[in-house]
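Here is the structure we will look at.
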Amino acid sequence: MDNCIRAKTPLFFQDALVDDIKKITSDMRFLAPKTKELVSMEVFSQSLPIFEFSAAQDENDDLTGSFEYEDSQMDDPILKCPWCIVKIEGGEVPGVNEWQNIQVAICFGVFNNDLRNQGHREILNLIQKVYSRFAVEPLLDGQYTCSGDFEWAIQDEDTHPYFFGAISTSFKFAGYRRENKFL
């Protein structure tokens, strides 16, 4: 716990949770869509990175760019699996000197092209790992406490060979304390 940042803010909470999810998934490997190699999960804060595309200048209009997509499906960041997004959904500070509450969703995307169409099993394993981590030890980074209330879901439509799911919960941590110069 010596390396903990003791500034209790939503941003530092998110960074700590990203690091924890990396540890939780470090022993897991997932199929990469392009290379078909087994790779580690990438974990991102709040959203997936924006994919890059090339803009080709339209010969008839200097101000309009046209976009050339080669293998556009693979350029879509949603399909660049495996990934995890640690997304802060909201929060509240119910009053001065009160604990701050943050709602967070941990979203997963994996690629599994097996014809048995059972990629949801990988998503359920990821959800279970997150749940077990915080059900057994609710403290994160020595300062953020998981509420113990969890909701999870997996996609309800067939998206083979891509599978998605998420688990959400909330954390609380001490907010600012009003100072009293007379004490």
**Prompt:** Given a Förster distance of 25 angstrom, what is the FRET efficiency for L124 paired with K8, based on the Cβ-Cβ distance and rounded to 0.05?
**Reply:** 0.20
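Counting other beta carbons within 10 Å of each Cβ, put F150, F182, F171 in order, fewest first.
On the way: F150 15, F182 4, F171 25.
Ordered from fewest to most neighbouring Cβ atoms within 10 Å, F150, F182, F171 come out as F182, F150, F171.
Quick one: plug the Kirkwood hydrodynamic radius of the stretch 109-183 (C-alpha pairs) into Stokes-Einstein at 10 °C, 1.306 mPa s, and report D in µm²/s.
107
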**Fill in**
The ³J(HN,Hα) series, computed from each phi in the stretch 101-115 with the Karplus coefficients 6.51, -1.76 and 1.60 at θ = phi - 60°, rounded to the nearest Hz and given as x for glycine or proline, is 10, 10, 9, 9, 10, 10, 9, 10, x, 9, 10, 8, 8, 4, 5
**Fill in**
With a 18 Å threshold on alpha-carbon distance, the violating pairs from K22/K129; K8/K172; K36/K129; K23/K172 are K36/K129; K23/K172
**Asked** Between E179 and R29, what FRET efficiency comes out of the Förster formula 1/(1 + (r/R0)^6) with R0 = 41 Å and r the beta carbon distance, rounded to 0.05?
**Response** 0.25
**Asked** Dipole size in debye (nearest 20) for the stretch 85-183 around its Cα centre, Lys and Arg Cβ +1, Asp and Glu Cβ -1?
**Response** 420
**Efficiency of FRET between K36 and S132 - r from beta-carbon atoms, R0 45 angstrom, step 0.05** = 0.90
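Values quoted throughout were computed directly from the atomic coordinates according to the rules given, and no laboratory measurement underlies them. Just so you know, these numbers come straight off a predicted model, no measurement behind them. So basically every Cβ, Gly included, is an ideal-geometry build from the backbone, and we count neighbours across all protein chains shown.
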